[in-house]
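Notes to accompany the following structure.
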Amino acid sequence: MPTTIPTTTSSTRPGSPSAGDAYFETDTKNYIIYDGANWRVYNYDSAAGWTGSSSYSLDFDGTDDYVNIAGADSSLNSVTAFSISLWYNLDAYGDVLIGSGTGNTNGIWLQPFSDGKFYVVIRNGATNTLSATVPSLNTWVHTVVTYNAGTIKLYLTPSGGTTGTTTITNGPSSTSSTIGANLSIGRLAWNSSDPFYVNGKIDEVAIFDYELTSSQVSSIYNSGSPADLTSYSPVNWWRMGDNEAGTGTTVTDQGSGGNDGTLTNGPTFSTSVPS
């Protein structure tokens, strides 16, 4: 006799699931399966999590556009390792590509600044900052930041260019319990005096709960055309329009975290993508 998969929604997923439990989410059209530690997302309506390439990015105006990621990401809290991967193409420097936290000594942010430096800040009561020479404007750049017990690495790879790697070893030994608060793409939410809104495009943003290796970074760069991240088990993966066909005000989380993003103040979908 046919068996119907039970349904749920992204906001009412069972709180105490068992490994192997499977559901169909009626709001996101995702199929989710619990692996014993995290929910794994295996499909999205008529479009799978990966469609063979990137077709859309999000374009931010530098004035007030951003993506609000449900306000927080607990996967960044009180951990000793994580990675962030994204692509960006800026019209101007000074922007925060992705940021979280509650203040200057408790936060994470990635910022190609107007002084010609790309800053990576991961702070837990201290002021540890990594910086490297920022690539040119109007160029798609693949960016990966990895963190492992105080060692922070930054990989910057312009399209058609060579990967540059910068490392510091004096970062915090673990993140704080609230560092994932106020997670946003395109601004620094807690800094009301200057949120550093992005002026340019961002694509394929992902967060992992482990340190990506240099070979994995190279594979994700994929010679300048974003690779399928499914096999890397991202906690969060926002494809910036591909799973929504470039419409609406939501970017669906294709990772296991279920943290969809809400487009705020009008960022627009663009067909300019890394390739």
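Screening Asn199 with (1) over 25 Å from Asn77 (Cβ atoms); (2) modelled with pLDDT of 95 or more; (3) out of contact with any Leu (no Cβ under 9 Å at 6 or more places or on another chain) gives one miss only, at (3).
Taken over the range 101-119, the criterion of being out of contact with any Ser or Thr (no Cβ under 7 Å at 6 or more places or on another chain) and under 27 Å from Ser57 (Cα atoms) is satisfied by Gly101, Trp109, Gln111, Pro112, Phe113, Ser114, Asp115. Restricting attention to the range 232-248, the residues being at pLDDT 95 or above and charged (D, E, K, R) number 1.
Which residues, taken from the range 12-32, are surrounded by 11 or more Cβ atoms within 10 Å (Cβ to Cβ) and at pLDDT below 85? Break it down into steps so the answer makes sense when it comes.
From the range 12-32, those surrounded by 11 or more Cβ atoms within 10 Å (Cβ to Cβ) are 12-14, 17, 21-32; that's our starting set.
Hits for the range 12-32 are Thr12, Arg13, Phe24, Glu25, Thr26, Asp27, Thr28, Lys29, Asn30, Tyr31, Ile32.
Taking the range 99-181 and the strands (runs of 3 or more DSSP E) fully enclosed by it, the elements with 3 or more residues that are in contact with a Lys or Arg (Cβ under 9 Å, 6 or more places away or on another chain) and within 17 Å of Phe82 (Cα to Cα) are at 106-112, 141-148, 164-168.
Filtered by the rule that a residue be under 22 Å from Ser225 (Cβ atoms), more than 19 Å from the chain's Cα centre (by Cα) and not polar (S, T, N, Q), the range 135-149 gives Pro135, Leu137. Any residue in the range 73-91 that is over 19 Å from the mean Cα position of the chain (by Cα) and either at negative phi or in the same structural domain as Ile152 (by TED's automatic domain parsing) (or both)? Checked against the condition, which is being over 19 Å from the mean Cα position of the chain (by Cα) and either at negative phi or in the same structural domain as Ile152 (by TED's automatic domain parsing) (or both), the range 73-91 yields at least one hit.
Against the definition (of a type outside the set (A, V, I, L, M) and either surrounded by 15 or more Cβ atoms within 10 Å (Cβ to Cβ) or in contact with a Gly (Cβ under 7 Å, 6 or more places away or on another chain) (or both)), how does Thr169 come out, yes or no? Break it down into steps so the answer makes sense when it comes.
Working: of a type outside the set (A, V, I, L, M): yes; either surrounded by 15 or more Cβ atoms within 10 Å (Cβ to Cβ) or in contact with a Gly (Cβ under 7 Å, 6 or more places away or on another chain) (or both): yes.
Against the criterion (of a type outside the set (A, V, I, L, M) and either surrounded by 15 or more Cβ atoms within 10 Å (Cβ to Cβ) or in contact with a Gly (Cβ under 7 Å, 6 or more places away or on another chain) (or both)), Thr169 qualifies.
Please pick out the residue among Ser256, Ser272, Ser231 that is out of contact with any helix residue (DSSP H, G or I) (no Cβ under 8 Å at 6 or more places or on another chain), surrounded by fewer than 24 Cβ atoms within 10 Å (Cβ to Cβ), of a type in the set (S, T, N, Q) and not in a loop (DSSP other than H, G, I, E, B).
Numbers: Ser256 fails: not in a loop (DSSP other than H, G, I, E, B); Ser272 fails: not in a loop (DSSP other than H, G, I, E, B).
Testing whether each residue is out of contact with any helix residue (DSSP H, G or I) (no Cβ under 8 Å at 6 or more places or on another chain), surrounded by fewer than 24 Cβ atoms within 10 Å (Cβ to Cβ), of a type in the set (S, T, N, Q) and not in a loop (DSSP other than H, G, I, E, B) leaves just Ser231.
Regarding the range 207-220, can at least one residue be identified that is hydrophobic (A, V, I, L, M, F, W, C), part of a strand (DSSP E or B) and within 24 Å of Thr63 (Cα to Cα)? No, there is no match, as no residue in the range 207-220 is hydrophobic (A, V, I, L, M, F, W, C), part of a strand (DSSP E or B) and within 24 Å of Thr63 (Cα to Cα).
Being out of contact with any Phe, Trp or Tyr (no Cβ under 6 Å at 6 or more places or on another chain), within 21 Å of Ile220 (Cα to Cα), at pLDDT 65 or above and surrounded by fewer than 16 Cβ atoms within 10 Å (Cβ to Cβ) narrows it down to one of Ser57, Ser78, Ser53, so name that one. Working first, answer last.
Details: Ser57 fails: surrounded by fewer than 16 Cβ atoms within 10 Å (Cβ to Cβ); Ser78 fails: within 21 Å of Ile220 (Cα to Cα).
Result: Ser53 is the single residue among Ser57, Ser78, Ser53 that is out of contact with any Phe, Trp or Tyr (no Cβ under 6 Å at 6 or more places or on another chain), within 21 Å of Ile220 (Cα to Cα), at pLDDT 65 or above and surrounded by fewer than 16 Cβ atoms within 10 Å (Cβ to Cβ).
Whether a residue is more than 12 Å from the chain's Cα centre (by Cα), over 18 Å from Asn106 (Cα atoms) and crowded, with 24+ Cβ neighbours inside 10 Å was assessed, and Asn243 passes this test.
Would you confirm whether any residue within the range 174-190 is buried (at least 22 other Cβ atoms within 10 Å of the Cβ) and out of contact with any strand residue (DSSP E or B) (no Cβ under 8 Å at 6 or more places or on another chain)? No, there is no match, as no residue in the range 174-190 is buried (at least 22 other Cβ atoms within 10 Å of the Cβ) and out of contact with any strand residue (DSSP E or B) (no Cβ under 8 Å at 6 or more places or on another chain). Sub-6 Å Cβ pairs linking a first residue in the range 199-225 that is within 13 Å of Thr163 (Cα to Cα) and touching a residue at least 60 places away in the same chain (Cβ under 8 Å) to a second residue that is crowded, with 19+ Cβ neighbours inside 10 Å and of a type outside the set (Ser, Thr, Tyr), at least 6 apart or interchain, are Val217/Val144; Ile220/Ala227; Tyr221/His142, ordered by first then second residue.
The values are calculated or read from the model by the stated rules, or taken from the named source; none is laboratory data. Keep in mind the model is a prediction, meaning the values are calculated, not measured. Note that each Cβ is placed from the backbone with ideal geometry, even for glycine, and that neighbours are counted across all protein chains shown.
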